[in-house]
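Read-outs throughout are calculated quantities, based only on the coordinates presented, and are distinct from any laboratory measurement. As the structure is a computational prediction, the values presented were derived from the model and not from experiment. Note: ideal-geometry Cβ built from the backbone for every residue, glycine included; neighbour counts use all protein chains shown.
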């Protein structure tokens, strides 16, 4: 199941999509978390201006906060390390996120 959640939806086979749908039926919170994660990943993978990326990132955070509940801890961590997380948006380089995130959290 882990690989099904990690793959891009377009790359899933019909059987994998069915398994994912079943998983979502059993855990709506997991579905929500997965969608939020995909949204953040999309922001980092999209080629757009730094200003646009920062704006999308901030809107995404607001949307998750608005949903409330179980994602508060994740948002608090994201805000705590926002300098590290936002650095690739500022630099326009996802490789930078891999290097700096490990050193900031670890």
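Volume per residue, Å³, of the convex hull around the alpha-carbon atoms of the stretch 1-90?
102
What ranking do 8-18, 38-48 get when scored by the average of other Cβ atoms within 10 Å per residue, highest first?
With the highest mean Cβ count within 10 Å placed first, the list reads 38-48, 8-18.
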